[in-house]
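Data block below; observations after.
The values are calculated or read from the model by the stated rules, or taken from the named source; none is laboratory data. All figures in this text were calculated on a predicted structure; none of them were measured in a lab. Virtual Cβ from ideal backbone geometry, glycine too; neighbours counted across all protein chains shown.
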Amino acid sequence: MSYASLTDSLVKRWVKLVLPILPAPLRRKALDLATRRRLAQARKRKQRTQFSVREVAQALDRLRFSGDVILHSSISNIGKLTDGTAVDLAAQVLSRLDLKAVTLLAPALPFTSAMTDYLDQHPSFDVRTAKNAMGAIANIVMQQEGCLRSVHPTHSTLALGRTQPLRRRAPQRSDSVRAEQPLRHADQERRQDPHVRHRPQFGHQLSRL
């Protein structure tokens, strides 16, 4: 690792530690600065790196898709797509999966800023209307028929395909949340909707969209 990379990594760690204790106005300025810097870095990556749908297909062909897959993608972090769209990239992954046998998971976090700021501005979470801020491909997965989304208020996750193993037991009384907690809207929906289930190993409840 170069000296510049090491310094950048240390600065990022320091910012993560200090950010939560900063006054709200100063925290927002710091986040705005970090966002502008991240976007500038993304623009530089696009200028120096180009890739095609064909190259992605060739890379995927070298992988084995015999089990469940977590798709955590960022087109801008790879570079500039010279042909096709995000729909074409998502299709390359989906076409290689037997969704009757495996599960495709993808992130559906509703924020890209600091989690504490998001919770301050969104005291409730509704799985039916909360945006997915995790990029174009994650949103394409979310739009697929049969896709489920967990009702975790900050780290929501998508599940598409063989989702039955994720729904092993009915919701228990201990799963409920207090009315003042961020999950209350999703919990109310869970009580009314029999499709909502609990995923014990991740602590996520899944709901049909």
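Is one or more of the residues making up the stretch 103-111 over 19 Å from Q58 (Cα atoms), in a loop (DSSP other than H, G, I, E, B) and either out of contact with any helix residue (DSSP H, G or I) (no Cβ under 9 Å at 6 or more places or on another chain) or charged (D, E, K, R) (or both)?
Within the stretch 103-111, not a single residue is over 19 Å from Q58 (Cα atoms), in a loop (DSSP other than H, G, I, E, B) and either out of contact with any helix residue (DSSP H, G or I) (no Cβ under 9 Å at 6 or more places or on another chain) or charged (D, E, K, R) (or both).
How many residues are modelled with pLDDT under 90 and either aliphatic (A, V, I, L, M) or under 14 Å from the mean Cα position of the chain (by Cα) (or both) when one looks only at the stretch 105-151?
Going through the stretch 105-151 one residue at a time, the tally reaches 7.
Condition check ((1) in contact with a Cys (Cβ under 6 Å, 6 or more places away or on another chain); (2) closer than 20 Å to M134 by Cα; (3) loosely packed, with under 11 Cβ neighbours inside 10 Å; (4) at pLDDT below 85) across all residues:
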| position | (1), (2), (3), (4) |
| --- | --- |
| A4 | no, no, yes, yes |
| R37 | no, yes, yes, yes |
| Q41 | no, yes, no, yes |
| R48 | no, no, yes, yes |
| V56 | no, yes, no, no |
| D61 | no, no, yes, no |
| S66 | no, no, yes, no |
| V69 | no, yes, no, no |
| K80 | no, yes, no, yes |
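Looking at (1) of a type in the set (S, T, N, Q); (2) over 30 Å from L26 (Cβ atoms); (3) in contact (Cβ under 8 Å) with a residue 60 or more places away in the chain, which one does S124 not meet, given that it meets all the others?
Checking S124 against (1) of a type in the set (S, T, N, Q); (2) over 30 Å from L26 (Cβ atoms); (3) in contact (Cβ under 8 Å) with a residue 60 or more places away in the chain, the one that fails is (2).
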